[in-house]
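Below is one structure, written out as structure tokens; the observations come after it.
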Amino acid sequence: MAKKLNFDLHKHALVPKHAKCSDAEKKKILKHYQISVYDLPYIRKSDAALAEIDVKAGDVIKISRTSPTAGEAVYYRCVINE
Amino acid sequence: MTDELFAEYEDKLPKKVLGELKENIPAKTAKGKVREIMDTAVKEYKESMADPGECIGNVSAESIGEPGTQMTLNTFHFAGVAEMNVTVGLPRIIEILDGRKDIKTPSMEIYLKKPYSQGKDIKELAYSIKETLLNDIALEFQINIVDLSITIKLDRELMRRSGFTSATILNGLKRHTKSYNVKAEGDEIILKSRSKEAALNSLYKDKEKMKEVHLKGVKGVKQVLPVKRGDEYIIVTAGSNLLDTLNLEEVDPTKTTTNNIHEIADVLGIEAARQAIINEVFGVIENQGLNVDIRHIMLVSDTMCTTGGVKGITRYGVVSEKSSVLARASFETPIKHVISAALVGEVDYLTSVVENVMINQPVPVGTGLPGLVTKVKVK
């Protein structure tokens, strides 16, 4: 993208909080759901919301959404190259 | 004092339920009673959850599909000075769920910072966002083949109203017309070609190109309409360009959105796109006076966004991601799928529902999901 957004998109009402999981957290999540990393939903490395977080393929991103039904819902995505 | 008790239930109940309980249990209630209430709430919550193996996708499809039969097929017309259409009803739902890139009526809702949100200079601001092309303020374009020149006649009245002078137009034009000598004469702008031979062929082409020269405003915004919503003024547009709009100084970038899902995915990321799909679909359904639980729409939206990009519920989108050949073939264009699978030697492990229906086996849904393991005694 040639042009860039000149404000912090995490302040936008549509964007939930994104955070990188540590290795220990990652292990715990995968053990809890009994899956491997690539069974999680994906998020692209080039995703606009990850611009300020240093990530590589295989990392797990923890997303804290505000949900109308649960109040707050936690979702995990796996970073992929693309 | 009951705060520690609530903390115990933090991973057992969702935040919203916990908050409601906290609010509604009187402070003087005995600790044992509170615990009893909380345990009942946990039990009720667990019972209301979907069971493992429940075919929630099917339930969602039915829940959205049935009210879908009652939706309107028309587009809605905005009343007002500027004529504007917005696609609603069934066509809009189909458009979103198919994940189309070119939607019928792209539109933005621009929220403004104070004091503009209170109505200050709202009209002027709206017009400064609207895209103005040279064609919009020109009366006619003339080609003179003899002296290889193009004459553009301008509309004085329109120029005055939208705040243009000949000089500003010249400036905007100069960047796009390198091979011409540009000068203004009264109401006219005369462009004279610098080279002699090549010009004749390209004269007409250049004239058409000049009509599209961008002079002012946000690219792609074809129509603007200031509206009062609640106690603040917002600008509704026809045509969408989220990135450029968010970068404008007067715009409140935290609330401004577009109805183009792919644009949101590009500018704000996949999670924002997921939320936008939910908002758009739920908005349409509510607008039609129908009642669908938001959880069904959340499921569809999550499915569309699992691959990191927005994929429609079509044979090119989420269905193409299925691992089973038979499942893909059963959706649309079966022959194409079977042939291409045969060519590369694909194997179907029959792990999902459709393929098991096809070969008359129990489907892995509900009670068909768990397998039975027994320890065989060795004699």
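Below is a table of values for the structure above.
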quantity: Hits in region B:1-22 - residues which are part of a helix (DSSP H, G or I) and either under 16 Å from residue A:70 (Cα atoms) or touching a Cys at 6+ places or on another chain (Cβ under 7 Å) (or both); calculated: B:15, B:16, B:17, B:18, B:19, B:20, B:21, B:22
quantity: Residue A:13 vs. criteria without any contact (Cβ under 8 Å) to a residue 24 or more places away in the chain, assigned to a loop (DSSP other than H, G, I, E, B), facing chain B (nearest Cβ under 8 Å) and of a type in the set (A, V, I, L, M, F, W, C); calculated: yes
quantity: Residues being charged (D, E, K, R) and modelled with pLDDT under 90 - total across region A:55-82; calculated: 2
quantity: Residue count, region B:246-264 (criterion: crowded, with 23+ Cβ neighbours inside 10 Å, under 14 Å from residue B:308 (Cα atoms) and more than 8 Å from chain A (Cβ to nearest Cβ)); calculated: 1
quantity: Check on residue B:232, outside the structural domain of residue B:162 (by TED's automatic domain parsing), among the acidic types (Asp, Glu), in contact with a Gly (Cβ under 9 Å, 6 or more places away or on another chain) and surrounded by fewer than 19 Cβ atoms within 10 Å (Cβ to Cβ); calculated: yes
quantity: Complete set of residues in region A:41-68 that are more than 27 Å from residue B:15 (Cα to Cα), of a type in the set (Gly, Ala, Ser) and surrounded by fewer than 17 Cβ atoms within 10 Å (Cβ to Cβ); calculated: A:46, A:51, A:57, A:58
quantity: Scan of region B:168-197 for residues that are small (Gly, Ala, Ser) and either under 26 Å from residue B:124 (Cβ atoms) or exposed (fewer than 12 other Cβ atoms within 10 Å of the Cβ) (or both), ordered by number; calculated: B:172, B:184, B:186, B:195
quantity: Condition met for residue B:270 (within 11 Å of chain A (Cβ to nearest Cβ) and touching a Gly at 6+ places or on another chain (Cβ under 9 Å)); calculated: yes
quantity: Listing of helices (runs of 4 or more DSSP H) fully contained in region B:225-293 that carry 3 or more residues being of a type in the set (Lys, Arg); calculated: none
quantity: Residue count for region B:98-125, restricted to those that are crowded, with 20+ Cβ neighbours inside 10 Å and farther than 27 Å from residue B:252 by Cβ; calculated: 1
quantity: Residues (under 16 Å from residue B:209 (Cβ atoms) and without any contact (Cβ under 8 Å) to a residue 12 or more places away in the chain) located in region B:125-158; calculated: B:142
quantity: Test: residue in region B:48-55 that is surrounded by 13 or more Cβ atoms within 10 Å (Cβ to Cβ), closer than 30 Å to residue B:314 by Cα, more than 14 Å from every other protein chain (Cβ to nearest Cβ) and among the hydrophobic types (A, V, I, L, M, F, W, C); calculated: yes
quantity: Criterion violated by residue B:139 - all others in (1) in a strand (DSSP E or B); (2) buried (at least 18 other Cβ atoms within 10 Å of the Cβ) satisfied; calculated: (2)
quantity: Members of region A:69-82 that are surrounded by 13 or more Cβ atoms within 10 Å (Cβ to Cβ) and either part of a loop (DSSP other than H, G, I, E, B) or at the interface with chain B (Cβ under 7 Å from one of its Cβ atoms) (or both); calculated: A:70, A:71, A:72, A:80, A:82
quantity: Residue B:308 being buried (at least 17 other Cβ atoms within 10 Å of the Cβ), assigned to a loop (DSSP other than H, G, I, E, B) and within 14 Å of chain A (Cβ to nearest Cβ); calculated: yes
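The rows are residues; the columns are (1) of a type outside the set (A, V, I, L, M); (2) within 29 Å of residue B:286 (Cβ to Cβ).
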site: B:4; (1), (2): yes, no
site: B:21; (1), (2): no, yes
site: B:43; (1), (2): yes, no
site: B:54; (1), (2): yes, yes
site: B:63; (1), (2): yes, yes
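The rows are residues; the columns are (1) exposed (fewer than 14 other Cβ atoms within 10 Å of the Cβ); (2) under 22 Å from residue B:261 (Cβ atoms); (3) without any contact (Cβ under 8 Å) to a residue 12 or more places away in the chain.
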{"residue": "B:300", "(1), (2), (3)": "no, yes, no"}
{"residue": "B:349", "(1), (2), (3)": "yes, no, no"}
{"residue": "B:361", "(1), (2), (3)": "yes, no, yes"}
{"residue": "B:367", "(1), (2), (3)": "yes, no, no"}
{"residue": "B:379", "(1), (2), (3)": "yes, no, yes"}
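The values are calculated or read from the model by the stated rules, or taken from the named source; none is laboratory data. Everything numeric here is computed off the predicted structure, so don't read it as measured data. Note that we place each Cβ from the backbone using ideal geometry, even for glycine, and neighbour counts take in every protein chain shown.
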